[in-house]
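Take a look at the structure below.
The values are calculated or read from the model by the stated rules, or taken from the named source; none is laboratory data. These numbers were taken from a predicted model, which means no experiment stands behind them. Virtual Cβ from ideal backbone geometry, glycine too; neighbours counted across all protein chains shown. Accessible surface is based on the protein model in full, side chains and every heavy atom, while ligands, DNA and RNA are left aside. Shrake-Rupley method; radii C 1.70, N 1.55, O 1.52, S 1.80 Å.
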There are 2 protein chains.
Amino acid sequence: MNDMVLLAHGDGGVLTHELVRDLFLRHFPNRTLKGLTDAAVFTGLAGRLAVTTDSFVVSPLFFPGGDIGKLAVCGTVNDLAVSGAGPVYLTAAFMLEEGLPIADLDLIASSMARACEEAGVEIIAGDTKVVGRGHLDRIFINTAGIGIVPGALDLGYERLAPGDRVIINGPIGDHGMAILAARESLDFAGRLVSDCAPLNGIINELLREIPREVKMMRDLTRGGLATAAKEIAVAAGCDIHLEETAVPVRPEVRGAAELLGLDPLYLANEGKFMAFVSAPSAEDALAVLQTHPLGRSAAIIGEVSGGSGNLYLRTPFGGTKYLDMLVGEPLPRIC
Amino acid sequence: MNDMVLLAHGDGGVLTHELVRDLFLRHFPNRTLKGLTDAAVFTGLAGRLAVTTDSFVVSPLFFPGGDIGKLAVCGTVNDLAVSGAGPVYLTAAFMLEEGLPIADLDLIASSMARACEEAGVEIIAGDTKVVGRGHLDRIFINTAGIGIVPGALDLGYERLAPGDRVIINGPIGDHGMAILAARESLDFAGRLVSDCAPLNGIINELLREIPREVKMMRDLTRGGLATAAKEIAVAAGCDIHLEETAVPVRPEVRGAAELLGLDPLYLANEGKFMAFVSAPSAEDALAVLQTHPLGRSAAIIGEVSGGSGNLYLRTPFGGTKYLDMLVGEPLPRIC
């Protein structure tokens, strides 16, 4: 195979076939993809299905804790998982810049394969396009995902009620700070590691233990915890109160964020979600999360009250701040 | 709304919400998408499902006969349709360059909405990312699609048998030549029009009339008729013989291709497919196709024989050429 991606790798001809056979099928050796038909046909999914799509344009491509490939699998798996769906199949579409080292593509595909294995999903359909130099920055990946929502599960904004607790599975801001530090080659880059991880396992544990008491969930990606919480308050027509001291933030993330004038509440995460749980079950939920490797630092960080879409933050000094959605991302290409 | 796409339109915050609400939801006003949840949940699909993904990076964005939006819907609809699946739902993921005129995005979304209506599909999940100027050429779109394969339908390489006829639904090369002419501002640009169209309607007619006699189908996109036929011959382990004089090509496409030294057999199409049909049903299939607006010039263009993956072209002068897959696309960013 060539050392670099050529325009002809995207023309649907001989080189496209070589790339698919020698690189993608080597990493994703499942029977459905091997068929190389126009669409992947599968059986066995029925009832309530969930579908989602996400494109990944992160820069740099490789960062502490992950790379664009791991992100592309985890991001879509997590969108399904917080919707209550067990992820089953992914599609993967690669947009490549002419000149991308094949070795980088190989690392990325290998990382996707590992993330798929960890999440228990299969890539069953794919696509590759190549554009000329300068028309795209190295590689973008789109993944779409399909999952099954258990029949009895009922999640949604409309289930939120005053008193419900807000629970998070760990410290916030790791992904956003890791990307920024890697991009800007900041001195503390080595200690900042993305939290990128598939959340379907831990969410599955939670839903198995207290299926009826989880009201809704949301992963905390672009816009961070504050933007997600504000969105939910508005959509549900309630108020949400967060306790600043209860929100876990790693010291190194807090330090780097302070240095750069950023608020961890608005930093992106790729392995964090919040769950809204009825008050009597909140401690049970916390216990379930804390027994999972991705929930060791889980915490109850706030609660829901009647209201009209406001998000409040109680500060350590006893004050209260209104929080709004993010306006103007300081960090484009975070995922 | 602003006149141009800003980085903040992709940050997951206030401007992202505005863009989704004021532009995308206006064009795609379905209930599932309106929920704006992490994943779209739906019921009613069961049995054999088909899924496919495709990214669209065409340049120019607008061309005679279509635009990147129409292409993004038709391309994915057609991949499902030739697999025998009735397309039902699409996802749409937009990757935007900072500075893209909002008016262009509006035209593109509007065109997608019209194509969805024509194809009878709904966009139920979406995603928007924005990258800085120079990191992506204006707009890329990924669509993934889900469809249902009728229970009794049996399509596949393994069904091809000596004597099966190859049928095409109309003239080849229209899309490839239209894109090239528009890109290079060639004089004859006005007469070259892309064939971009959703094929699920005409394929549905065919499968309704002769469900058992259609052995397999393939749409003729990148790499054109010759690459698709060669792929099928190799995968099925048979030979395919095409009759050059039987393959419909518009005079203006033939003329432009000759001028540029291109072979219409390798030019991209976005509204053409070939069907392999048992010999006794070939005339019936042709009649069905010719009664549909997208099949007026349908033709029987060749047949299958025993063999080992060769593609032959009988020329008007009685000679025979071996054809191979496309090697080295003369036209990148064709779809």
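Listed values, structure above:
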item: Single residue of the stretch B:16-29 satisfying the filter (free of Cβ contacts under 8 Å to residues at least 12 places away in the same chain, within 24 Å of A:Asp219 (Cα to Cα) and out of contact with any Lys or Arg (no Cβ under 8 Å at 6 or more places or on another chain)) that is most open to solvent (accessible area, probe 1.4 Å); result: B:Arg21
item: Checklist (1) facing chain A (nearest Cβ under 7 Å); (2) in contact with an Asp or Glu (Cβ under 8 Å, 6 or more places away or on another chain) applied to B:Arg48, failing item; result: (2)
item: Exclusive hit being in contact (Cβ under 8 Å) with a residue 60 or more places away in the chain, over 21 Å from the mean Cα position of the chain (by Cα) and open to solvent by 10 Å² or more (accessible area, probe 1.4 Å), set B:Asp154, B:Asp127, B:Asp104, B:Asp137; result: B:Asp137
item: Segments classed as strands (runs of 3 or more DSSP E), wholly inside the stretch B:280-335, with at least 2 members that are touching a helix residue (DSSP H, G or I) at 6+ places or on another chain (Cβ under 7 Å); result: B:299-306, B:311-314
item: Among (1) open to solvent by less than 10 Å² (accessible area, probe 1.4 Å); (2) within 25 Å of the chain's Cα centre (by Cα) - the single one B:Val5 does not satisfy; result: (2)
item: Residue pairs meeting the criteria (Cβ under 8 Å; at least 6 apart or on separate chains; first within 21 Å of B:Leu180 (Cβ to Cβ) and facing chain A (nearest Cβ under 9 Å), in the stretch B:316-335; second open to solvent by 30 Å² or more (accessible area, probe 1.4 Å) and among the β-branched types (Val, Ile, Thr)); result: B:Met325/A:Val14; B:Leu326/A:Val14; B:Val327/A:Val14; B:Cys335/B:Thr221
item: Sole residue being open to solvent by 10 Å² or more (accessible area, probe 1.4 Å) and touching a strand residue (DSSP E or B) at 6+ places or on another chain (Cβ under 9 Å), chosen from B:Pro87, B:Pro64; result: B:Pro87
item: Residue satisfying all of: in the stretch B:63-90; assigned to a helix (DSSP H, G or I) and in contact with a Cys (Cβ under 7 Å, 6 or more places away or on another chain); farthest from the other protein chains (Cβ to nearest Cβ) among these; result: B:Lys70
item: Test for A:Pro162: is it over 29 Å from A:Met216 (Cβ atoms), open to solvent by 20 Å² or more (accessible area, probe 1.4 Å) and away from chain B (no Cβ under 14 Å); result: no
item: From the options A:Thr53, A:Thr76, residue that is in contact with a Gly (Cβ under 6 Å, 6 or more places away or on another chain), hydroxyl-bearing (Ser, Thr, Tyr) and modelled with pLDDT of 90 or more; result: A:Thr76
item: Considering residues of the stretch A:3-29 that are more than 12 Å from every other protein chain (Cβ to nearest Cβ) and not in a helix (DSSP H, G or I) only, the residue nearest to A:Ala125 (Cα to Cα); result: A:Phe28
item: Some residue of the stretch A:208-221 being touching a Pro at 6+ places or on another chain (Cβ under 7 Å), of a type in the set (Lys, Arg), in the same structural domain as A:Gly271 (by TED's automatic domain parsing) and under 22 Å from A:Leu71 (Cβ atoms); result: no
item: Total residues in the stretch B:30-60, condition assigned to a loop (DSSP other than H, G, I, E, B), touching a helix residue (DSSP H, G or I) at 6+ places or on another chain (Cβ under 6 Å) and buried (at least 19 other Cβ atoms within 10 Å of the Cβ); result: 3
item: Residue in the stretch B:244-263 that is small (Gly, Ala, Ser), at pLDDT 95 or above and not in a helix (DSSP H, G or I) present; result: no
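Listed here are the residues, each with its yes/no results for (1) in contact with a Pro (Cβ under 7 Å, 6 or more places away or on another chain); (2) among the β-branched types (Val, Ile, Thr); (3) under 27 Å from A:Leu80 (Cβ atoms); (4) open to solvent by 10 Å² or more (accessible area, probe 1.4 Å).
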site: A:Glu252; (1), (2), (3), (4): no, no, no, yes
site: A:Glu258; (1), (2), (3), (4): no, no, no, yes
site: A:Ala279; (1), (2), (3), (4): no, no, no, yes
site: A:Leu286; (1), (2), (3), (4): no, no, yes, yes
site: A:Ala299; (1), (2), (3), (4): yes, no, yes, yes
site: A:Gly318; (1), (2), (3), (4): no, no, no, yes
site: A:Met325; (1), (2), (3), (4): no, no, yes, yes
